[in-house]
Structure formats: C-alpha cells, structure tokens
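Down below is the structure, laid out as structure tokens.
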Amino acid sequence: MVLKLLLLLFLYSLPVIFSQDNANVTIIIQGSVTVAETDDSFICATIDWWPPQKCDYKNCPWGNASVLNLDLNNPYLSAAIKAFNPLRVRVGGTLQDRIVYDVGIFKPNCAPFSVSDSGLFGFSAGCLSMEKWDELNHLFQKTGAIVIFGLNALQGRRQSSEGIWQGPWNSSNAHDFIQYTISKGYPVTTWEFGNELSGHGIGASVDAEQYAKDLILLKTILSDLYRNSKSKPFLVAPGGFFNDEEWYAQLLEASGPNVLNALTHHIYNLGGGDDPNIAERIKDPNYLSGFADTFRAVQLTLQEHGPWSSAWVGEAGGVYNSGSPQVSNTFLNSFWYLDQLGMASKYNTKVYCRQALIGGNYGLLDKETFVPNPDYYSTSALLWHQLMGKGVLAIDINGSPFIKAYAHCRKSESGVSLLLINFSKSATFNTTVHNDLNVDLVEKGIQKDGSFAHNLKRTVSWIGRKVSDGSPSREEYHLTAKDGDYLSRIMLLNGSPLQITESGDIPELRPVLVAVNAPISIAPMSIAFVVFPNFEAHACVPTQ
C-alpha cells in the first residue's frame, strides 16, 4: 500500500519535476508581420494627488509625493524623467474628481486636501493653484515630458443613493483651466475625463449615457479652444476598471465616432497591500497570464462598439491601496510589470501608465530620496523604453511553463528585441532562438503563441555586429537581484549594481555581446532583454 502511494505521489509530481529540470527552450520569432502595435511612447508613469494623510493598513506611504507638494526642483526627479526622452506622464488619480482649478471667474479658497469623514474617499475637495500648475509645467517642459491631465468629471453633479452621481457635468471651471493651459503653451497632449467612475465605480459612479453626453461636450470645448493650434489634443476616458463590459460598450456607442480617442482602464490584479500572498502570485506565471482575458475583452469591445478608439492602460500598480511595502518596490515586482507590458502589447494597447512615478509603495522612484527603485531600470525604464519598439511580433515557444517571452521590433533601429522572464527558482534555461523562416514547427513540437498564423518558406538568416572572434553577435541585458534575493531593492545589470551616478544621472545601460547563434542562458528568477541587430524581420523596417 505504501509503495503504491509513493508511486502515485511520484507520478503526480512528474509535471513539476519535468518543468524544473527541462533546461532547454526553443523560441521561434515570426518576423514577417507585426500582430499588434503600441505607441512610440508606450511607457507612461503617473503623478497622483494623494496627500500625506493617505493611509492604508496603518501605513502612510505617500509623504510629499502629491501633485500639490512634490519637490519639483529635485534634480533626481528631473533626471529620471529626462532619461526617457520622452516620458509620458499622467497627472491624475482618485482625487482628481475632487480638484477645482483656481482660475477664471471661479476663485475658491485654494486650500489643499484635508481629512474629512463626510468627504468622498475620506477627503475634502482640494484646489490646484495656477502657480503650482506653472511649476509643474516648467518641470515638464525642461524634461520633455508628454503630459496627460485628468479632469474633474464630478463637477456640478449631485450625489444620490449608493454612490451614484447624477446630473450633467459643469464644464465652466475645466473650460477656463484648459484655456489658461493653452494660453501658456503648456505641453498637455491628452485630456482624460474622470477617474474610476465607470460601471459600479470606486466610491462614485456616473451613468454611461450621461458620461457620453459630457464627453461630447468636452470634445466640443477642446475643438473650439484648440481651433488655432497646429496640434490637437487627444480625449481619453473613463479611467476605470473593466468589470462592466456593457457600460463601456454603451459609452462608446452613445458618444460615437470622432469623440473618444482612447478607452482607458485600470489594473490592480494582484490583491490589496496587506495581502500576504502578493509575492507568490507574482512568481506564478499561470496566475499572471490570467489577466490576458481582460486585455482580450477590451480589444473585442473596441472592435465591436468603438473601432475608432484604441486601448490605453491609464493606471496600473498591481497591488491596490498604495502597493505592498514588502514587494512593490523590489526586484520581484519587475516580473509582474514586465509581463504586463508584454501582455498588454500583444492586445494592441497603445499606452501603459504605471502607478506611480513617485509615491506609495509602488513608485518607480523612492518618495524620500528620489532614487530609482528596481522597476525604473527594468521596465518603464530604460530597457523596455530603449529596446522594445512599437511593432509586436508573434512567437512560438517550446520548453517550460516557467519561462515567458515577448518579441518586438527593435526600437528605432533594424532588428528584433526579445524579453525573457525566468520564473523558476532552480532551473537555468538554455534558450535557442530561431527565425521562423524554414522551420518545421510540427517536428519540433513548438507551441504557437495564440492563434497567430505564419508561413515557413524561407531560410534562416542572422546578421549582427562582430564579437572578438569575428562571428555575428547579439546584445544581452541580464537583470538579477543582489545576492539572489528577489525582494532586494538593488538590481544588477549583467552582474553590476544599477545605481545613479555621483552627479545624480541615470547610469548608462550597457549590454554584453554574445555570439548570435549561442544559446541564451537565463538564470533562475531572472530577466533578460536580448537584441538581435538586423534580424531578418520584414515587418521591422525602421522609419526615419
């Protein structure tokens, strides 16, 4: 009996043993056509409104990271934004629907937020002075930021039962604020209407039909105010959770063509900031893959109800209620973030805004020192932004479920960039990458990436720079945690710590050159970007 039980346990464990011990992975990159496309400035980060009094689970992680009190003259902040050349920055968040603008005929007592038991989200209304708005735009202009500004969509409405807000939007304060912004020549390229008011809302909600009427009004205002401008701003909305498809479909149909440029939705798919299982969820590639259903649903809703619009992730922090203090600012969080970027790209998401540039436990920059956290370098940062172009390529993969891969056309140059994420705690994967030209996927047992189809009729061709022995080469950027501790806040690039320079500048991210046909060795719990210069991918012809 004991022998039978041991045999059953052994057979049950075979899939896990196989997945951990299988050290060989084969990837086929299909370069003949792109399957999706992001915006050139796909990476985005938010600056939120939360004041120092914002606390979750007896933890108050925002400090002076709000739009209203952020040290805009900190040189580390400027360097972090400027390094992207350009970075898309979203000014917005939960409290944007409680902000009034100190401009025009509307002259409120321009006070900051204060704690209020009777106030929406636990705070009173707040005010943005034009002096602070001027200071913000000075930062944006000197760093070259591309700005999204989230407008107050509750102005003029009245609250009824159960958090439902009724009545039309009062546009007068927003009108004067936009007019002031235009008169100053400030670089707001996108106006977002409302934050998390869609469907059942988060604390407040607005009916889809009324929301659509207000969007039409705002579009008319923008068309009038920007009539003499060479460039016209985008209008995006509603910046909510995609948990009510009918509400989103109704919004698109009721607002109609030529109104909404992008449908924005938010992502917090890992749990709350006090959840002890956050780290385990991030280490589980199957759990992370489950969110593909949401990206797919957004894509299908747009195709059916609003093909004139596109999909944006307007805010994503992974862990809601300000992030996890033990996980969100560590090396491990890069696994969730990079996987999100790769997954979102496959479903034609044009822009992905990370919550937050600074503030909370999930800031790309430490709120006290302004020093970059690991996620800054690995994703929003520099590696994704510098290496992964807007053309998304399909791949086929055979090997282990513990490794994920995403391929894009190389940023601004010919070739292909590949992102590899090894979720295994023990296995080092030797990964072989091939062009799809003249490869028999059936014989190799390759699993296709979704339903992407391709032709296999050409010969394999690799072109790259020369390594020391004269053979063609590729560029590799391996990211690991200091001392192998995936909860470390220090990330290593090819074995060297990533830290700002003595002058406060972002360090140069340098690759190692490896012979192009050698297997790629991906260490346990590590991430690698691999660039194949001039990979024969007909879909990846760089534009000037």
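The values are calculated or read from the model by the stated rules, or taken from the named source; none is laboratory data. Treat the numbers as computed from the prediction; the structure is a model and nothing was measured. Using ideal geometry, Cβ is built from the backbone for each residue, glycine included, and neighbour counts are taken over all protein chains shown. Side chains are part of the model used for accessible areas, which takes the heavy atoms of the whole protein and leaves out ligands, DNA and RNA. Shrake-Rupley method; radii C 1.70, N 1.55, O 1.52, S 1.80 Å.
Scanning the chain for long hydrophobic helices, with DSSP H runs required to stretch 18 angstrom or more by C-alpha along their axis and to average at least 0.5 on the Kyte-Doolittle scale, returns 2-21.
Which of the peptides 242-250, 521-529 is most tightly packed, and how do the rest follow, going by the mean number of other Cβ atoms within 10 Å of each residue?
Values: 242-250: 17.1, 521-529: 21.2.
Per-residue mean Cβ counts within 10 Å order the peptides as 521-529, 242-250.
Total lysine pairs in segment 296-434 at Cα distances under 27 Å, for residues eight or more apart or on different chains: 10. For the listed peptides 300-313, 278-291, 390-403, a ranking on the average number of other beta carbons within 10 Å per residue, highest first, reads 390-403, 300-313, 278-291.
Listed values (1) 148; (2) 180; (3) 126 include one computed from this model; for volume of the Cα convex hull per residue in Å³ that value carries the label (2).
Highest-first packing order for the peptide set 416-427, 199-210, 505-516 is 416-427, 199-210, 505-516, based on the mean count of other beta carbon atoms within 10 Å.
Straight Cα distances below 18 angstrom link residue 219 to the aspartates and glutamates 176, 192, 209, 253, with same-chain residues fewer than 8 positions distant left out. Amide H contacts under 5 Å for residue 99: 126, restricted to partners 5 or more places along the chain or on a different chain, H placed in the peptide plane at 1.01 Å from N. Just the number, please: carbon plus sulfur as a percent of the accessible area of the chain, 1.4 Å probe, no ligands or DNA/RNA counted. C and S atoms contribute 51 percent here.
Overall form of segment 43-121: oblate. Here a/c, set by the Cα gyration tensor axes a ≥ b ≥ c, is 1.5 or more, and a/b is not larger than b/c.
Computed 3J(HN,Hα) for segment 154-166, one whole-Hz value per residue from the Karplus formula 6.51 cos²θ - 1.76 cosθ + 1.60 where θ = phi - 60°, is 9, 4, x, 7, 10, 8, 9, 6, 6, x, 8, 9, 10, glycine and proline marked x. Taking θ as phi - 60° and the Karplus parameters 6.51, -1.76 and 1.60, the scalar couplings of segment 184-192 work out to 8, x, 6, x, 8, 8, 9, 10, 9 Hz in sequence order, x denoting glycine and proline.
In a simple Cβ point-charge model (Lys, Arg +1; Asp, Glu -1; nothing else charged), the chain has a dipole of about 840 debye relative to its Cα centre.
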